[in-house]
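The values are calculated or read from the model by the stated rules, or taken from the named source; none is laboratory data. Every value quoted in this text rests on a predicted model; they were computed, and no experiment measured them. Note that each Cβ is placed from the backbone with ideal geometry, even for glycine, and that neighbours are counted across all protein chains shown. SASA here: full protein model, heavy atoms, side chains in, ligands and nucleic acids out. Shrake-Rupley method; radii C 1.70, N 1.55, O 1.52, S 1.80 Å.
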Amino acid sequence: MFLLPVNGMKVAIFHDYFSFIGGGEKLVLTLARHLGADIITTDVNKALISKMGFEDVNIISLGSLVKVMPFKQIQATLKFATCDFRGKYDFYIFSGNWAHYAAKRHRPNLMYCYTPVRVFYDQRRNTINSLKNPLARLAAAIWTSIHSRFDKKSIKSVERIATTSNNTAKRIEKYYNRRTVVVYPPCDTSRFHYLGDDGFWLSVNRLYPEKRIEIQLKAFERMPDERLIIVGNSGNGDHSVAYAKNLKAMLPPNVSIYSDVPEEKLIDLYGRCRGVISTAVEEDFGMTAVEAMASGKPVIAPKEGGYLESVIDGETGLLIECTPEAIIKAVKTISTNPYKYKEACIKRAEEFDVSVFIKNIKSIIQD
């Protein structure tokens, strides 16, 4: 499939890796499909991409990465910094934390920035303090200090920056001193449908500490008559591995974790759940909230970050303080009549449809 939709331009999208699939990976695959673009990346799990229904997207791998942090991230940085696809494409897009190191050689370009690397900036101290080993804390402090300098230097080679929300635009201005244009992430709303209410709650997120999933577990431990299904994977070779292991060890009987869920199965879960719950810290945007609303399902999410831009409090869900008590109260409130949120949710999700996203990205490329 090769569409050449932007004035006949041949486009390449650099993205960190596809060893697992999250919101960023789905966005890149969607963008590549609609632009007829090639994806240039490192680790690739083609089985996962196939499960997501994107077999038609052409992916070029720069090779595999080691699985140990921070050597994985350093190796990714070097692969992007040294690769050379000049003359093969007319326009270059960068996505993720490390892909922008290719920007110096590849122009004209655009970076779609989900957020400045949070372990380098607003989450740096929390990440370092979470490490129990003193030597690990020292190593993390040195690495984040050095690599954040390279990060800022590399961003200077990026000509234009688009980002996911006003929330992340503020971070980009604060840490990179750059202005951005907000282009909300895409949701193919035509694929999502209200399929009823099977009585369970759904949580869709990567199994990372910043998602605060343990708060969900504590809430549902106190609601034994409610069910929660968590869909998500941890990463490889980063701080999520130990976190995911601890989560699985503390699961109450009424909570299940599903990993490597095919897209069709996930869409089915959205359609049949009662509502969707998130507890992410200052979420960049929160694509799961839009996918939930596209399915006619209300969202319970923190009163912070990107959720302030997607969820309409009281109409398409409830924005809460991120505590077990607040989750319990919100679950009970919505459970009295979850169906009443359906129409407002579907209408709101249409504002974030993939057609709107592609139109906005094309306008930036053509500008």
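Here is how the numbers come out for the structure above:
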quantity	calculated
Cα Rg over Rh - the stretch 90-153, Kirkwood	1.10
Accessible surface of the chain [probe 1.4 Å, protein heavy atoms]: carbon and sulfur percent	52 percent
Neighbour net charge for residue 358 - beta-carbon separation under 11 angstrom, K R +1, D E -1	+1
Of the DSSP H helices in the chain, those whose Cα atoms cover at least 20 Å axially and whose Kyte score averages -1.0 or more	134-155
Relative contact order %, the stretch 55-186, counting alpha carbon pairs below 8 Å whose residues are six or more apart	21 percent
Furthest towards positive pole of dipole, 196, 322, 70, structure part the chain, Cβ charges	70
Ordering of 332-338, 33-39, 266-272 by burial proxy (mean other Cβ atoms within 10 Å per residue, highest first)	33-39, 266-272, 332-338
Dipole magnitude (debye, nearest 20) for the chain, charges at Cβ of Lys, Arg, Asp, Glu	1260 debye
Cubic angstrom per residue, convex hull over Cα atoms of the stretch 138-252	173 Å³
The chain, relative contact order [Cα under 8 Å, separation at least 6], %	15 percent
Amide hydrogen neighbours beyond the local backbone of residue 275, cut-off 5 Å, H modeled	202
Inter-label distance for residue 304 and residue 126, nm, one decimal - labels placed 7 Å from Cα along Cα-to-Cβ	0.6 nm
Computed magnitude of the charge dipole of the stretch 116-196 (debye, nearest 20; Cβ of K, R +1, Cβ of D, E -1)	360 debye
Cα→Cβ-extended label distance, 7 Å offset, between residue 258 and residue 159, nm	4.3 nm
Residue-normalised accessible area of the chain, given per residue in Å² at a 1.4 Å probe	43 Å²
Computed P(r) (all Cα pairs; the stretch 321-366; 5 Å bins; percent)	4, 17, 14, 12, 15, 11, 10, 9, 6, 2
